[in-house]
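Some notes on the structure that comes next.
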Amino acid sequence: MTGTKHMKHDKPLALPIKKIITESERVKTFVFDYDFPGEPGQFVMCWIPGFDEKPFGIIKKDGFGFMISVAAVGESTKALHMMEVGDMLGFRGPYGSTFNLPDFGSIALVAGGYGMVPLSFLAQEARKKDIDVHLFIGARTKEELLFKSWMEEIGVIIHPSTDDGSEGFKGFNVQVFEDFVTKHPPSFGHPHVERALRLPEGGPIKDLPFEGSTPQGGGMLSKAYTVGPEIMEMKVAEICYANNIPFEVSLERYMKCGFGICGQCCVDPVGWRMCVEGPVIDGEKLKQISEFGKYHRTASGKVEKYPWNKDK
Amino acid sequence: MNLSTNLAGIPLKNPTILASGVMGVSTSSMKFVQENRAGAVTCKSIGHEERKGHHNPTVYSWGQGITNAVGLSNVGVDDGTVLLKEMIDALEIPVISSCFADTVDNLARVAEKLMASKPVAIELNLSCPNTENDFGLMFALDPEATTRAVSQVKKIAGNTKVFVKLTPDASNIVDVGKAAEAAGADALTATNTLSGMIIDIHTKRPILTNKFGGLSGPAIKPVSVRAVWNLYNAVKIPIIGTGGINTGEDAIEYIMAGATAVGIGSGVYYRGIDVFKKITDEMSAFMEKEGYKSIEEMRGIAHKS
Ligand SMILES: Cc1cc2nc3c(=O)[nH]c(=O)nc-3n(C[C@H](O)[C@H](O)[C@H](O)COP(=O)(O)OP(=O)(O)OC[C@H]3O[C@@H](n4cnc5c(N)ncnc54)[C@H](O)[C@@H]3O)c2cc1C
Ligand SMILES: Cc1cc2nc3c(=O)[nH]c(=O)nc-3n(C[C@H](O)[C@H](O)[C@H](O)COP(=O)(O)O)c2cc1C
Ligand code: FES
């Protein structure tokens, strides 16, 4: 890679907002006229001049360019929602690890909330490689199913779910995903699956309930990817482990420097930095992160247990 | 190559020490640094109360170095003492305990509490440039304030060594270093970050939310080398040379200026978490090539030629 266009920016690069898209009551997308570097799974530190700087996933939508999608949850994200076209934001990055796609086959994306941000970008790249994409997207209500029409346009197979039943399954996307996994036993007709699922001594592997769930890929599904609330990610991880599905998860921790020196985003007990070794973590490596689904550290470095883990 | 050194009675396998405020948030992050061959680690400065630090942006690189105004985020001394004990128990290498406070009395209180974890050394951060609004001017700008701070802590320190971290912002860092030595300091860390400011001309404002910050990395190396050189001529206690060390050559430059050990912070950004491995390998390669047998042999050698 040459030229300034693909350089990493470690000093905030000020860019005017070119376009703002209101996705739902809680989410706005900000589009910029700049070819910011980055791959699916990576993030930027977004500077709101004079106010704060926060991490957001990178999206590079074909025909739109670099954009971020922000859910208004607190002070800074609400401040972002107040911004107008032409206002300046600063960007550092891209930071962190990236998702890894198989060479062929099908993948499952399990997305909750703004988890669609990195996963939409990943879906786009997967479709370019002709990989089939099954999207298990969950939201409170129909209007909050982020990027649904974009995903339809690029040929993603969508399995929606909503809390209120206004679209798709009424309930959690994790449940839809689990059903899908357990109802799709390996089919030995497919050539890739045939190759991948034969034991070295001959004969098929019997106990693989998930089609094509081998590192070689092939078959109906090769790999799963999940981004969303940590409790959801935890459930997806359990399903994947139980069914021998290789998967990747994005693990968010409090970020300050974003480039690996402040130590704020390190996870127990391995000390890996979620801004460098993460946020995308492979399912096998995830087994070594004992704090996953249990607690995180706040801006001071203090351990804060998740609500569902409080009395343990 | 034998890179061992003795820092104020503390034996180090190699002279690289993780500088305070970098990576030192948890026991796990410290173990990650140990795995990458640091000779010792310094924890993030611990203060009286829990602090979230300044609003981001708190750390970024501007091309010639890093600027930060993290704002001394920490868990507070009560949890900090527990954390420090956990670090000391879990690590094989020495853990230096950094601390700060707004007043001399509070500094002594924080240090006294930390003493419960029996650290080998306490580093008094008298030189954070980013908390003036909260805590007033740095102690290390002024020899008298430094004397008061160090002698108070020395009274309660027992066997724990007391290191004093100096600022390159002092009008005469040598006077401050001499004051610290006279008050009983066992070693000096030179230096902390250099105060600075960077303005984004497009948004017309300083980038750090705190406006000012501390500069570190390659940009400040000559400033800190000069500080070590001058201190080496003026004090007998050992010096931890710190500021802009990215390579084995940088570390040797500090040692030749008179440093006993070297602090590494921003190097984790420039070279990766394995910066300690890289630096020690590069030091060994240099020493082999030039025929040096020990760190001791090179210490202060630049003063003799
Ligand atoms: C790698 C990564 C990618 C992200 N991608 C997106 C995205 O694409 N879209 C999106 O809407 N949100 C994303 N987030 C979350 C987003 O950063 C937070 O929602 C935002 O920082 C909240 O700030 P606030 O002031 O509005 O709320 P606050 O009230 O300050 O915080 C709400 C919650 O956000 C989290 N948070 C706050 N500050 C930080 C920080 N500096 N680093 C990490 N987490 C923080 C904390 O868990 C906190 O409890 C991402 C976070 C990470 C770590
Ligand atoms: C992000 C960051 C945080 C820091 N926090 C502290 C701190 O809490 N206490 C302290 O004494 N020094 C702190 N420092 C200063 C470093 O310990 C070191 O003295 C300085 O960065 C120069 O060394 P370097 O160029 O190797 O980074 C911090 C530096 C950085 C970059
Ligand atoms: S945010 Fe990851 S180390 Fe600073």
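A 1.4 Å probe run over the stretch B:75-224, with the rest of the protein chains in place, finds 40 Å² accessible per residue. The B and A chains share an interface that buries close to 3100 Å² of accessible area, total over both sides, probe 1.4 Å. Estimated from the Cβ-Cβ distance and a Förster radius of 51 angstrom, the FRET efficiency linking residue B:144 and residue A:169 is about 0.10. For the protein assembly as shown, the Kirkwood hydrodynamic radius from C-alpha pairs, put into Stokes-Einstein at 4 °C and a viscosity of 1.567 mPa s, yields a diffusion coefficient of 50 µm² per second. Near residue B:287, once Lys and Arg are set to +1 and Asp and Glu to -1 for all other residues with Cβ below 9 Å from its Cβ, the sum equals -1.
Rounded to the nearest angstrom and listed largest first, the equivalent-ellipsoid semi-axes of the stretch B:115-159 from its Cα gyration tensor are 22, 13, 8.
Using a 1.4 angstrom probe, figure out how much accessible area the stretch A:6-128 has per residue, in square angstrom, rounded to the nearest whole.
Spelled out: the 1.4 Å probe surface of the stretch A:6-128, per residue, equals 36 Å².
Look at the dipole of the protein assembly as shown built from charges on Cβ: of B:232, B:75, A:13, the Cα furthest out on the positive end belongs to B:232. Among A:12-19, A:92-99, the peptide with the highest mean count of other Cβ atoms within 10 Å heads the list, and the full ranking is A:92-99, A:12-19.
Taking other residues whose beta carbon is less than 9 angstrom from the beta carbon of residue B:192, and scoring Lys, Arg as +1 and Asp, Glu as -1, yields 0.
Remark: mean inter-chain Cβ contacts per residue of A:297-310 equal 4, using a 10 Å Cβ-Cβ cutoff to other protein chain atoms. Applying a 4.7 Å Cβ-Cβ cutoff to chain A, the cysteines left without a disulfide-compatible partner are A:46, A:240, A:265, A:266, A:275. Relative to the dominant Cα principal axis of chain A, helix A:116-128 is inclined by about 60°. The residues of the stretch A:251-312 present an accessible area of 38 Å² per residue when probed at 1.4 Å with all protein chains retained. Past the 24 Å Cα-Cα mark, which pairs from A:256/A:302; B:31/B:221; A:11/A:285; A:302/B:278? Violating the 24 Å Cα-Cα cut-off are B:31/B:221; A:11/A:285; A:302/B:278. Note on chain A: percent of Cα-Cα distances in each 20 Å bin, starting at 0 and stopping at the bin with the largest distance, equals 32, 58, 10, 0. Straight-line cross-link partners of residue A:183 among the aspartates and glutamates, defined as a Cα under 15 Å from its Cα and at least 8 positions apart when in the same chain: A:207, A:211.
Note on chain B: Cα Rg divided by 2.2 N^0.38 Å, N the number of residues, gives 0.92.
Highest mean first, the peptides A:129-136, B:178-185 sorted by other C-beta atoms within 10 Å per residue fall in the order B:178-185, A:129-136. The value of relative contact order for the stretch B:8-95, using C-alpha pairs under 8 Å at least six residues apart, is 31 percent. Taking the Cα centre of each part, how many Å lie between the stretch A:145-177 and the stretch A:250-283? Comparing the Cα centres of the stretch A:145-177 and the stretch A:250-283, I get a distance of 29 Å. Each Lys or Arg adds one and each Asp or Glu subtracts one; over the other residues with Cβ under 12 Å from the Cβ of residue B:301, this totals -2.
One Cα centroid belongs to the stretch B:258-305, the other to the stretch B:68-134; the line between them spans 27 Å.
The stretch A:9-95 has equivalent-ellipsoid semi-axes of 17, 15, 13 Å, by the square roots of 5 times the alpha carbon gyration tensor eigenvalues, sorted largest first. Counting only protein heavy atoms and a probe of 1.4 Å, the accessible surface of chain A is 54% carbon and sulfur. Considering only B:131, B:16, B:242, the Gaussian network model of chain B with Cα springs below 10 Å gives its largest mean-square fluctuation to B:131.
Could you work out the Kirkwood radius for the stretch B:1-73, taking every pair of different alpha carbons, averaging 1/r and inverting it, reported in Å?
Roughly 14.2 Å, rounded to one decimal.
A simple spin-label model places the labels of residue B:285 and residue B:2 2.4 nm from each other, with each point 7 Å out along Cα-to-Cβ.
The relative contact order of chain B, computed from alpha carbon pairs under 8 Å that lie at least 6 residues apart in sequence, is 19 percent.
Only Lys, Arg, Asp and Glu carry charge here, each on its Cβ (+1 for the first two, -1 for the last two); on that basis the protein assembly as shown has a dipole of about 900 debye about its Cα centre.
Using a probe radius of 1.4 angstrom, the carbon and sulfur fraction of the accessible surface of chain B is 50%.
Projecting each Cα onto the charge dipole of chain A (Lys/Arg +1, Asp/Glu -1 at the beta carbon, about the Cα centre), which of A:135, A:276, A:36 comes out farthest on the positive side? The Cα lying farthest towards the positive end belongs to A:276.
Relative contact order, percent, of chain A when contacts are C-alpha pairs under 8 Å separated by at least 6 residues? It comes to 14 percent, rounded to a whole number. The residues of the stretch B:22-44 listed by number as losing at least 30 Å² of accessible area in the complex, against the isolated chain and with a 1.4 Å probe, are B:23, B:25, B:26, B:28, B:32. Rounded if a/c is under 1.5, else prolate if a/b beats b/c, else oblate: with a ≥ b ≥ c from the C-alpha gyration tensor eigenvalues square-rooted, which is the stretch A:251-312? Oblate. If R0 is 51 Å, the Cβ-Cβ spacing of residue B:116 and residue A:130 corresponds to a FRET efficiency of close to 0.25.
Using a 10 Å cut-off around each Cβ of peptide A:265-272, what is the average number of partner chain Cβ atoms that fall inside?
Taking all residues of A:265-272 together, the mean is 6.
Its Cα centre serving as origin, chain A has a Cβ charge dipole (Lys and Arg +1, Asp and Glu -1) of approximately 580 debye. Size descriptors for the stretch B:103-189, from the alpha-carbon set: Rg then Dmax equal 12.0, 36 Å.
Relative to the longest principal axis of the Cα atoms of chain A, helix A:230-242 runs at roughly 20 degrees. What lysines sit close enough to residue A:142 to cross-link, taking a C-alpha to C-alpha distance under 20 Å and skipping anything fewer than 8 places away on the same chain? Partners within reach: A:28, A:170. Which of B:28, B:160, B:252 sits closest to the plus end of the dipole of chain B, meaning its Cα is farthest towards the positive end, when Lys and Arg get +1 and Asp and Glu get -1 on the C-beta? About the Cα centre, the residue reaching furthest to the positive side is B:252. Annotation: aspartates and glutamates with alpha-carbon distance below 12 angstrom to residue B:154 (same-chain offsets under eight excluded): B:112, B:123, B:181, B:186.
Past 29 Å, Cα to Cα: identify those pairs from A:61/B:44; A:287/B:277; A:287/B:161; B:44/B:161, in the order given. In this structure, A:61/B:44; A:287/B:161 exceed 29 Å between Cα atoms.
With the helix formula -39500 (n - 2.57) applied to DSSP H stretches of n ≥ 4, chain A reaches a computed 222 nm mean residue ellipticity of -5000 deg cm²/dmol. Label-to-label distance for residue A:22 and residue A:85 is 1.4 nm, based on points extended 7 Å past Cα in the beta-carbon direction.
Decide, for the stretch B:178-288, between rounded, prolate and oblate: order the square roots of the alpha carbon gyration tensor eigenvalues as a ≥ b ≥ c, take rounded if a/c falls under 1.5, and otherwise choose prolate if a/b is larger than b/c, else oblate.
The shape class here is oblate.
Per-peptide packing, taken as the mean over residues of other Cβ atoms within 10 Å, places A:275-282, B:120-127 in the sequence B:120-127, A:275-282 from highest down.
Residues of the stretch B:181-227 whose accessible area, computed with a 1.4 Å probe over protein heavy atoms, drops by at least 20 Å² once all protein chains are present relative to their chain alone are B:200, B:202, B:203, B:205, B:207, B:209.
The values are calculated or read from the model by the stated rules, or taken from the named source; none is laboratory data. Not measured: the values here are computed from a predicted model. FYI the Cβ positions are ideal-geometry reconstructions off the backbone, even for glycines, and counts take in every protein chain you see. Heads up: the accessible areas ignore ligands, DNA and RNA and are worked out on the full protein's heavy atoms, side chains in. Shrake-Rupley method; radii C 1.70, N 1.55, O 1.52, S 1.80 Å.
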